[in-house]
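To start, the structure under review is shown below, and the notes come after it.
The values are calculated or read from the model by the stated rules, or taken from the named source; none is laboratory data. Predicted model, so just to flag it, every value in this text is computed and none were measured. All Cβ positions, glycine included, derive from the backbone under ideal geometry; neighbour counts span all protein chains shown. For the accessible areas, the whole protein counts, side chains as well, though only heavy atoms, and no ligand, DNA or RNA atoms are used. Shrake-Rupley method; radii C 1.70, N 1.55, O 1.52, S 1.80 Å.
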Amino acid sequence: MSVPLLKIGVVLSTMAMITNWMSQTLPSLVGLNSTKLSVAPPGVPDRSTGVLPANPEESWQVYSSAQDSEGRCVCTVVAPQQTMCSRDARTKQLRQLLEKVQNMTQSIQNLDQRTQKDLQYVQRMEVQLRGLESKFKQVEESHKQNIAKQYKAIKTKMEELRPMIPVLEEYKADAKLVMQFKEEVKNLTSVLSELQEEIGAFDYEELHNRVSNLEERLRACMQKLACGKLTGISDAITIKTSGSRYGSWMTDPLAPDGDTRVWYMDGYHNNRFVREYKSMADFMYSDNFTSHRLPHPWSGTGQVVYNGSIYFNKFQSNTIIKFDFKTATISKSGQLDYAGYNNRYHYSWGGHSDIDLMVDEGGLWAIYATNQNAGNIVISKINPLNLQVIKSYTTNHPKRSAGEAFMICGTLYVTNGYSGGTKVYYAFHTNSSTYEYIDIPLQNKYSHISMLDYNPRDRALYAWNNGHQVLYNVTLFHVIRSEEL
């Protein structure tokens, strides 16, 4: 059995959580990088800790913890080969628990890599902010000796940066959450050590519950790191030029690792054929595709591929259809009660865009409008299995005045138009049922956006812009507080 190494060295930052997906996500989408994690093989010392695993032929070794030179907690257990004690049911249970710990190890390592570089940036930024504040006070005291224009510019810059100081203070409090994880894993290793000495006298159920609880809390922590408030959108990256003025294209956010298929739908009505490209590279550089014929034509450009099925609005109706690509059959259909259709409550560009389906970190959503809500946008969370509405939220934003819309982390973002100068200017937060007006520029490179959707796996916006398929990187800002977990 290989040696499971558990390393916890995660530091949660705040400024670090403004994630630069341009350098990380988009290159991987088009096959420009292939970074992989590796684990030291049995019998070889881990260079970061200097721990040399024992001979795998030996029996259970002590499960212990220590700290490396950077202050990270290092936990090690050496287990015998799988053939030893194979008939002992309790040993098998223990082995299953250790496998869970290994899975948690991988997650924590990924989390660690995502935050370490950003932590250094936060520390430098804090020093710069405080230094700038000190210099500004000096300038303010002797402002008569400075040119008025320079003084005004410095003051404006300081006012922009001043709000970041309390945010950095919040980061220090957030770091306590990591210490809780370290302490709990340390306690868990102690229990496992005692178990090795008295393997028959321990309550496996209790141990399993403790591992599961820690695993769930870690997963919740990582999910919060993935979510945040939209603060910026990159310039458009053109992937391909094809099709008519209107259409949609996407990848499946729940596709298994290695599945990078691209789905392509030209036009907004009177079409039933969906193209499937084997990979993003095939989509970019070739015309090799498989064609799927839907049982009904679609309406608008608000289709979404989710977990192997396509969800679309049936033409001239308020019916949502779930079509399974694997079986080539309709697996479910349902109606959105009172939802306007047939160009009654479309986006400002028209195109039968009454019902817009989309996916974020929380699942499947439908965006539409009703007479009951005076033609304003309604947001409904949809059960992807039976297409039942789980919960709906009414907004005060007219559907016809929206250019396009997309969901990120439970928040609906709306653009002010579809042509010319475009920006994201309205946000409705479903977690609090509140809204706000924002100002985030969106480069409308080809002057006519007829589809704009967020993919939570790629953390990028997919858009159809006047016969061009483009991607946008997004910047998310988030603060994790210990009381949220």
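Using label points projected 7 Å from each Cα along Cα→Cβ, tell me how many nm separate Ala328 and Asn209, to one decimal.
Inter-label distance under the simple model: 5.2 nm.
Could you look at the stretch 228-475 and say what percent of its accessible area is carbon and sulfur, using a 1.4 Å probe and all protein chains?
44
Quick one: which residues, 5 or more positions from Gln316 or on another chain, have an amide H under 5 Å from its amide H? H modelled 1.01 Å from N in the peptide plane, none for Pro or chain starts.
Those lying under 5 Å, H to H, from Gln316 are Asn342.
With θ set to phi - 60°, apply the Karplus curve 6.51 cos²θ - 1.76 cosθ + 1.60 along the stretch 278-285 and write out the HN-Hα couplings as whole Hz, x wherever there is a Gly or Pro.
Using θ = phi - 60°, the values come out as 5, 7, 5, 5, 4, 5, 6, 10 Hz.
In the stretch 296-338, which trypsin sites (Lys or Arg not before Pro) fall in coil by DSSP and have 11 or fewer other Cβ atoms within 10 Å?
Loop-located and lightly packed - Lys326.
Please give the length that would be gained between Glu276 and Leu132 if that part of the chain were fully extended, namely 0.36 nm times their separation in residues minus their C-alpha to C-alpha distance (nm, one decimal).
Here the answer is 46.5 nm.
Would you mind calculating the gained length between Thr394 and Ala374 on full extension (0.36 nm times residue separation, minus the Cα-Cα distance), in nm to one decimal?
The span from Thr394 to Ala374 would gain 6.2 nm if fully extended.
Taking the Cβ of Asn455 as the center, what net charge do the other residues with Cβ under 11 Å away carry, scoring Lys and Arg +1 and Asp and Glu -1?
With Lys, Arg at +1 and Asp, Glu at -1, the neighbours total -3.
May I ask you to evaluate 6.51 cos²θ - 1.76 cosθ + 1.60, the Karplus curve with θ = phi - 60°, for each residue of the stretch 248-261 and list the ³J(HN,Hα) values in order in whole Hz, giving x for glycine and proline?
8, 8, 6, 10, 8, x, 10, 5, x, 4, x, 8, 10, 4
How far apart, in nm, are two points set 7 Å out from the Cα along the Cα-to-Cβ line at Asp287 and at Leu385?
4.4
Between Rg and the Kirkwood Rh of the stretch 228-475, both from Cα atoms, what is the Rg to Rh ratio?
That ratio equals 0.92.
Net charge near Gly403: determine it from the other residues with C-beta under 13 Å of the C-beta of Gly403, scoring Lys and Arg +1 and Asp and Glu -1.
So the environment of Gly403 carries a net charge of +1.
Tell me, how many Å apart are the Cα centres for the stretch 307-329 and for the stretch 334-353?
Cα centroid to Cα centroid, the span is 17 Å.
May I ask which of Lys391/Lys445; Lys314/Lys445; Lys240/Lys423; Lys332/Lys445; Lys326/Lys391 have a Cα-Cα span longer than 27 Å here?
The pairs that break the limit, which is 27 Å between Cα atoms, are Lys391/Lys445; Lys314/Lys445; Lys332/Lys445; Lys326/Lys391.
Counting Lys and Arg as +1 and Asp and Glu as -1, what is the net charge of the other residues whose Cβ lies under 13 Å from the Cβ of Trp365?
-2
Say each of Asp439 and Asn343 gets a label point 7 Å from the Cα, pointing the same way as Cα to Cβ; how far apart are those two points in nm?
Between Asp439 and Asn343, the label points sit 3.6 nm apart.
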